[in-house]
1. Out of all the residues in the range 118-139, is one or more modelled with pLDDT under 80 and assigned to a helix (DSSP H, G or I)?
2. Looking at the range 67-78, is at least one residue of a type in the set (Ser, Thr, Tyr), more than 21 Å from residue 18 (Cβ to Cβ) and modelled with pLDDT under 80?
3. Among the residues of the range 46-54, is there at least one that is under 18 Å from residue 162 (Cβ atoms), modelled with pLDDT of 95 or more and within 15 Å of the chain's Cα centre (by Cα)?
Amino acid sequence: MKKAAKEGIKLNLGCGYKQKKNYLNIDISPDCNPDKVWDLENKGLAFLPDNCAEEIYSSHFLEHIHPEKYHAFLKEMYRVSKHGALWILDLPFDNPMERTNPLHFRTYTYDSFYGFEPGSRNNYLGIWLKTRHRRTPKIIKAFFYTFPYIKKQVELKYEVVKPKELKG
């Protein structure tokens, strides 16, 4: 793991059967044959050192984390991320069908992580993320919020900013 930490690893969290080449594919189920069988929700990323990941990819995993463990898991993602690491998150869009899924504890919008932008006064978790996905024009946002059944998921991309970099 020391060599990987120096070069930076790519993580695929809650990969299920959608494993990615050149990523460390992690899932709780041994049935999907991930690279690492691990309970992410309860153990976080404890097996990884700080600042080792250059990219974290997650497709439809974060919404399954119980509310009381959600912030701690986001902090774990941030802990293992290098400064400048990329987070690519495919998440269920906030529509009535997704909200009724009993296995989903939350849904997401284009604005779900905006409180984490550097300089935000609302950031009490100490996680700093710069938006890297294309900002969606207000008219398109309004359309999807008016007709929520049309949109099934939202892809969000963020660049991790570590505190020492904020001071410089």
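The values are calculated or read from the model by the stated rules, or taken from the named source; none is laboratory data. Quick caveat: nothing in here was measured; it's all calculated off a predicted structure. Virtual Cβ from ideal backbone geometry, glycine too; neighbours counted across all protein chains shown.
1. Among the residues of the range 118-139, at least one is modelled with pLDDT under 80 and assigned to a helix (DSSP H, G or I), which makes the answer yes.
2. Within the range 67-78, none of the residues are of a type in the set (Ser, Thr, Tyr), more than 21 Å from residue 18 (Cβ to Cβ) and modelled with pLDDT under 80.
3. There is at least one residue in the range 46-54 that is under 18 Å from residue 162 (Cβ atoms), modelled with pLDDT of 95 or more and within 15 Å of the chain's Cα centre (by Cα).
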